[in-house]
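Undergrad: One structure, as structure tokens, below. Some questions next.
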Amino acid sequence: MGTHSPWSGRFEKPLDELVQRFNASIGFDQRLAEEDVAGSIAHAKMLAAQGIITRDEAAKIIEGLDSIRNEIRAGTFAFRLDREDIHFNVEGALADRIGAVAGKLHTGRSRNDQVALDVRLFTRQALEQLQGDVLNVIDALIDRAAEHTATILPGYTHLQRAQPVVLAHHLLAYVEMLRRDYARLSDARGRLAESPLGAGALAGTTFPLDREAVARNVGFPAITRNSLDSVADRDFALEFLATTSILSVHLSRFAEELVLWSTQEFGFLIFDDAYATGSSMMPQKKNPDTAELIRGKTGRVIGHLVAALVLLKGLPLAYNKDLQEDKEALFDAYDTAHDCLRVLEGIVRTVTFRTDRMRQATTEGFLNATDLADYLVTRGLPFREAHGIVSQVVLFAERAGKTLEQLTLEELRLISPLFDAGAQTALDVDQGVLRRDLPGGTSPRRVQQALEEARNWWSVEVGRQTAADTQG
Ligand code: ARG
């Protein structure tokens with residue numbers, strides 16, 4: 001099985017050397033070796049059970065595949081460029097080992113349904129791994145949030161100080177985003193769990209294959225319903241990339257805040273030395289490179305999604321070699337997201353929050369202005385009017401160089417006679433947070449409840465993952 005392989009009998013010349021390299025995918029699809037062997041073993045077992053090959057032939061094939069798998073795992077398997085891709089590499093190695101009977105393995109099968117299965121198997125495993133990674137980041141966020149249900153800092157809109165919130169509430173916002181990402185990963189995993197084997201090159205096969213048996217063997221609950229679709233579409237890869245892109249965007253936003261908060265201007269947190277780096281020129285620097293890279297790598301994950309969408313958009317049915325280009329996008333998006341999640345978990349677990357700086361920041365910027373307006377509403381004023389009055393109070397305070405709570409009652413009453421002693425209590429930042437006591441709000445009591453709800457959800461999902469693991 002050299003360059004001029006048995007299945008290219010209709011050709012009179014070997015492949016051009018450049019074309020051989022251009023056409024080959026073994027450089028990257030060797031990553032599918034485990035999946036390829038697993039699919040082949042399932043196929044061989046089924047062929048024997050259906051009486052298409054003998055039990056003895058199947059035993060020889062499976063023994064050969066096992067030895068190939070061992071070599072692959074040990075890193076000693078020699079991948080050959082002249083064998084183009086992972087499918088021909090495994091099949092060729094099998095023939096080297098067991099001789100002509102190896103040729104029976106490909107009965108009723110094409111590389112087209114074979115690769116469709118391999119990529120699905122890889123994607124399923126990748127989705128599972130990312131789900132576990134997301135759960136770990138959520139765990140870290142919940143742990144850190146639990147330390148800070150009473151730590152007050154400014155919440156922002158337009159990156160301007162807006163209203164005080166507690167730090168746990170801020171961290172739990174990311175937990176919510178990650179929970180939706182987790183659900184999307186889970187959803188994508190459910191949808192791809194159909195075995196395409198039996199679709200053949202595009203139109204199925206004349207052999208009486210037991211497609212369900214193969215599906216069961218590789219752990220898929222169902223088989224695909226249309227042979228053309230089975231080999232032609234890669235929407236499961238698109239879903240993986242789309243989900244991973246959305247996830248990455250969430251990580252990127254969080255990373256951006258970590259960068260921002262670590263600046264001297266904010267000073268809300270300090271990166272652990274193990275998660276920061278120095279500058280080659282400026283000795284004083286401690287840079288948040290880890291968070292910057294999480295932010296930066298998001299671009300490349302989104303790039304892979306766009307590349308895959310463009311790859312598929314003009315393809316006629318059924319298989320086209322363009323589809324070979326799906327793999328590197330998938331692999332790199334997976335590796336990138338996997339690393340980003342693990343690094344982020346480490347950052348979250350080790351970062352030092354500067355609660356003094358956070359609290360200090362709530363004293364400037366009139367964060368309690370809404371509370372003062374709300375107070376006037378309790379005195380009977382329509383909110384719109386209260387808003388107008390407090391705008392004047394803010395202007396007055398700004399000119400006087402004072403915070404709202406530094407204004408005397410006399411000064412307040414210059415602007416509205418509705419102000420009385422209660423106004424000053426309304427301006428207390430801690431009271432303001434306490435009063436935001438409704439579902440989804442930032443009062444420590446509500447945040448404590450949200451924390452418990454999140455922790456319970458996490459425990460259930462971790463339990464599910466462990467149960468799935470032990471089932472194999
Ligand atoms: N290496 C190919 C891929 O990744 C496998 C399928 C090739 N099939 C074919 N008819 N050329 O898509």
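The values are calculated or read from the model by the stated rules, or taken from the named source; none is laboratory data. What you are looking at is a predicted structure, and each value in this text was computed from that prediction instead of being measured. Ideal geometry is used to build each Cβ from the backbone, glycine not excepted, and the neighbour counts take in all protein chains shown.
Undergrad: Select from region 99-111 the residues that are surrounded by 22 or more Cβ atoms within 10 Å (Cβ to Cβ) and within 15 Å of the ligand (Cβ to nearest atom) and list them in ascending order.
TA: 109
Undergrad: Another question, then. Can you name the residue in region 112-132 that is away from the ligand (no atom under 13 Å from the Cβ) and among the small types (Gly, Ala, Ser) and, of all such residues, is nearest to residue 208 (Cα to Cα)?
TA: In this case the residue turns out to be 126.
Undergrad: Would you mention how many residues in region 416-472 are closer than 30 Å to residue 185 by Cα and out of contact with any strand residue (DSSP E or B) (no Cβ under 6 Å at 6 or more places or on another chain)?
TA: Matching residues across region 416-472 total 29.
Undergrad: In addition: I need every pair where a residue in region 72-90 that is free of Cβ contacts under 8 Å to residues at least 24 places away in the same chain and within 20 Å of residue 17 (Cα to Cα) has its Cβ under 8 Å from the Cβ of a residue that is small (Gly, Ala, Ser) and buried (at least 17 other Cβ atoms within 10 Å of the Cβ), sequence separation at least 6 or different chains.
TA: none
Undergrad: Looking at residue 257, is it part of a helix (DSSP H, G or I), buried (at least 16 other Cβ atoms within 10 Å of the Cβ) and free of Cβ contacts under 8 Å to residues at least 24 places away in the same chain? Talk me through it step by step, then tell me what you get.
TA: Working: part of a helix (DSSP H, G or I): yes; buried (at least 16 other Cβ atoms within 10 Å of the Cβ): yes; free of Cβ contacts under 8 Å to residues at least 24 places away in the same chain: yes.
So residue 257 fits the description; yes.
Undergrad: Among the residues of region 76-111, which ones are within 22 Å of residue 199 (Cβ to Cβ), of a type in the set (Lys, Arg) and over 34 Å from the mean Cα position of the chain (by Cα)?
TA: Once the filter is applied, which keeps residues that are within 22 Å of residue 199 (Cβ to Cβ), of a type in the set (Lys, Arg) and over 34 Å from the mean Cα position of the chain (by Cα), region 76-111 yields only 104.
Undergrad: For residue 247, state whether it is out of contact with any Asp or Glu (no Cβ under 7 Å at 6 or more places or on another chain) and either in contact (Cβ under 8 Å) with a residue 60 or more places away in the chain or hydroxyl-bearing (Ser, Thr, Tyr) (or both). First the steps, then the outcome.
TA: Details: out of contact with any Asp or Glu (no Cβ under 7 Å at 6 or more places or on another chain): no; either in contact (Cβ under 8 Å) with a residue 60 or more places away in the chain or hydroxyl-bearing (Ser, Thr, Tyr) (or both): yes.
It is false that residue 247 is out of contact with any Asp or Glu (no Cβ under 7 Å at 6 or more places or on another chain) and either in contact (Cβ under 8 Å) with a residue 60 or more places away in the chain or hydroxyl-bearing (Ser, Thr, Tyr) (or both).
Undergrad: Assuming residue 222 fulfils every condition listed in (1) in contact with a strand residue (DSSP E or B) (Cβ under 7 Å, 6 or more places away or on another chain); (2) farther than 30 Å from residue 115 by Cβ apart from one, which condition is it?
TA: Every listed condition holds for residue 222 apart from (2).
Undergrad: Are there any pairs, at least 6 apart or on different chains, whose C-beta atoms fall under 9 Å, with the first in region 310-334 and under 21 Å from residue 245 (Cβ atoms) and within 13 Å of the ligand (Cβ to nearest atom) and the second among the hydroxyl-bearing types (Ser, Thr, Tyr) and assigned to a helix (DSSP H, G or I), and if so, which?
TA: So the pair list comes out as 330/123.
Undergrad: Of everything in region 422-470, what is among the hydrophobic types (A, V, I, L, M, F, W, C) and modelled with pLDDT under 90? Give them in sequence order.
TA: 467, 468
Undergrad: Within region 4-18, identify whether any single residue is more than 16 Å from the ligand (Cβ to nearest atom), in a helix (DSSP H, G or I) and aliphatic (A, V, I, L, M), and answer yes or no.
TA: yes
Results for (1) part of a loop (DSSP other than H, G, I, E, B); (2) more than 22 Å from residue 324 (Cα to Cα), shown as yes or no for each residue.
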| position | (1), (2) |
| --- | --- |
| 71 | no, yes |
| 76 | yes, yes |
| 87 | no, no |
| 99 | no, yes |
| 117 | no, no |
| 121 | no, no |
| 135 | no, yes |
| 139 | no, yes |
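Undergrad: Sticking with this one: Going by the structure shown, is residue 154 under 30 Å from residue 299 (Cα atoms) and in contact with a Gly (Cβ under 7 Å, 6 or more places away or on another chain)?
TA: yes
Undergrad: Also, quick follow-up: Name every residue in region 59-98 that is within 16 Å of the ligand (Cβ to nearest atom) and aromatic (Phe, Trp, Tyr), in order of residue number.
TA: 79, 88
Undergrad: Further, regarding this structure: How many of the residues making up region 202-233 are among the aliphatic types (A, V, I, L, M) and either touching a Leu at 6+ places or on another chain (Cβ under 6 Å) or free of Cβ contacts under 8 Å to residues at least 24 places away in the same chain (or both)?
TA: 6
Undergrad: Only residues in region 48-61 that are within 17 Å of residue 217 (Cα to Cα) count as the first member; pair them with residues that are charged (D, E, K, R) and assigned to a loop (DSSP other than H, G, I, E, B), Cβ under 6 angstrom, at least 6 apart or cross-chain, and list the lot.
TA: Short answer, once both residue conditions are applied: 50/210.
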